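The values are calculated or read from the model by the stated rules, or taken from the named source; none is laboratory data. What you see is a predicted model; the values in this text were computed from it and never measured. Virtual Cβ from ideal backbone geometry, glycine too; neighbours counted across all protein chains shown. All accessible areas refer to the heavy atoms of the entire protein, side chains included, with ligands and DNA or RNA removed. Shrake-Rupley method; radii C 1.70, N 1.55, O 1.52, S 1.80 Å.
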Amino acid sequence: MTDWLTAEEAMARLGVRPQTLYAYVSRGRIRAETDPRDPRRSRYRAGDVAMLSGRKARSRKVADVAAEAIAWGEPVLASAITTVVDGRLYYRGRDAVALAQTETLEAAARLLRGGEGAPLTRSGRIPRAETMRERAFLLLAARAGVDAPARGQAPAVLADEAANLLDDLADAVAGEAGFGPIHERLGQAWSCNRDQCDLIRRALVLLADHELNASAFAARVAASTGASLAASALAGLAALSGPLHGGMAERVRALSDEAVRLGPRAAVTARIADAAPFPGFGHNLYPDGDVRAAALLAVLPVPPMLAALRREVETATGLKANIDFALVALAEALKLPPDAPFALFAVARAAGWIAHAMEQGRDGALIRPRARYVGPTPAEG
């Protein structure tokens, strides 16, 4: 192969028209220079053409890889917030399980967003609604409708707004503006004693963030448009509400009801026979078991029926209990309201959504992937 190609040779190897070749040159993807043998013509770097030709040949394969990355695939965004490495969860390089032994959600939230921000005054806005889920949605929607866009705000101002937003959401879920750390305010609303409040604290810290999950990605997409922190958190909450994310507790309860009705072993055997899933067990990022669930279940008085169900599932399938099972066990052990697992998930994960929104805002780039079209061939003319 010579070092340089004529325009005709370059177009033939790439399979493109002159306009496309010139576009590649203008974008810096192919180097061009005046042909010393004919000043009226250009020549094109053969190595650049070969590299671009290889990429084009792999384009379908790359598209397939990109599509697979959306579902438990390779990382698709750079982030310094949270990662899972060798089955351990880390918040900005610190082990989340270790943090859960001593820290509050407020401290974890401050760590996730980079160490800044303190709540100034809470709005005192407590939406009127029967359930905690409704109040969470109403609070974030109300603030999303009036809060200023995050884009362009000073970092210190935005950090204070982040802390204030998390406090407001906690008050809305609790149904009243209480005092003290968030875990104590939630515990007081649920008539918990001091030890039970500490279990809530542990759960909140363990749930604060989980890398680029569906709700965090939704929050980042909203934030990439410059939306307010409340709007980004609302996008995260909307994604969390689905039955395959924050709504998983209801499916765990359905499995628990089967265990009560049939007995744990019979319920597990029936599911295996039907090739039915086991909600609350297994996690793609934790092949050896969800460390968040293990940390919470180790200090929790798991109700006997749930403990028996856990043993039967783990023995029969090898799947370990995950955080969804642990949240249901926590709610049952503490006799919390039915929607407490979702409420805990929402308040805790809001810390992560806000941190992701702030990080995405600093990046300044709009998240706008392309669709791989598989519909009818577009009509011409």
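Details
- Condition met for PRO127 (open to solvent by less than 40 Å² (accessible area, probe 1.4 Å), more than 29 Å from ARG292 (Cβ to Cβ) and part of a loop (DSSP other than H, G, I, E, B)): yes
- Total residues in region 204-231 satisfying the condition of being acidic (Asp, Glu) and crowded, with 22+ Cβ neighbours inside 10 Å: the figure is 1.
- Any hit, region 297-316, residues being open to solvent by 10 Å² or more (accessible area, probe 1.4 Å), free of Cβ contacts under 8 Å to residues at least 24 places away in the same chain, within 25 Å of GLU134 (Cβ to Cβ) and not in a helix (DSSP H, G or I): no
- Condition check for ASP209: modelled with pLDDT of 95 or more and in a loop (DSSP other than H, G, I, E, B): yes
- Every residue from region 34-54 that is open to solvent by 30 Å² or more (accessible area, probe 1.4 Å) and not in a helix (DSSP H, G or I): THR34, PRO36, ARG37, ASP38, PRO39, ARG40, ARG41, SER42, ARG43, ARG45
- Of the candidates ALA254, ALA267, the single residue that is part of a helix (DSSP H, G or I), touching a residue at least 40 places away in the same chain (Cβ under 8 Å), out of contact with any Ser or Thr (no Cβ under 8 Å at 6 or more places or on another chain) and not basic (Lys, Arg) is ALA267.
- Failed item, numbered, when LEU285 is tested on (1) modelled with pLDDT of 95 or more; (2) in contact with a His (Cβ under 9 Å, 6 or more places away or on another chain): (1)
- Exactly one residue among ALA329, ALA350 is in contact (Cβ under 8 Å) with a residue 12 or more places away in the chain and either open to solvent by 10 Å² or more (accessible area, probe 1.4 Å) or more than 19 Å from GLU106 (Cα to Cα) (or both), and that residue is ALA329.
- Taken over region 274-296, the criterion of being surrounded by 14 or more Cβ atoms within 10 Å (Cβ to Cβ) and either free of Cβ contacts under 8 Å to residues at least 24 places away in the same chain or assigned to a helix (DSSP H, G or I) (or both) is satisfied by VAL291, ARG292, ALA293, ALA294, ALA295, LEU296.
- Number of positions in region 131-142 that are hydrophobic (A, V, I, L, M, F, W, C) and surrounded by fewer than 18 Cβ atoms within 10 Å (Cβ to Cβ): 3
- If only residues of region 1-35 that are polar (S, T, N, Q) and within 40 Å of the chain's Cα centre (by Cα) are counted, the one that is modelled with the highest pLDDT is THR20.
- Close pairs from region 2-19: first farther than 14 Å from LEU52 by Cβ, partner among the β-branched types (Val, Ile, Thr), Cβ under 6 Å, at least 6 apart: none
- Only residues that are open to solvent by less than 60 Å² (accessible area, probe 1.4 Å) and touching a residue at least 24 places away in the same chain (Cβ under 8 Å) were counted in region 143-173, giving 21.
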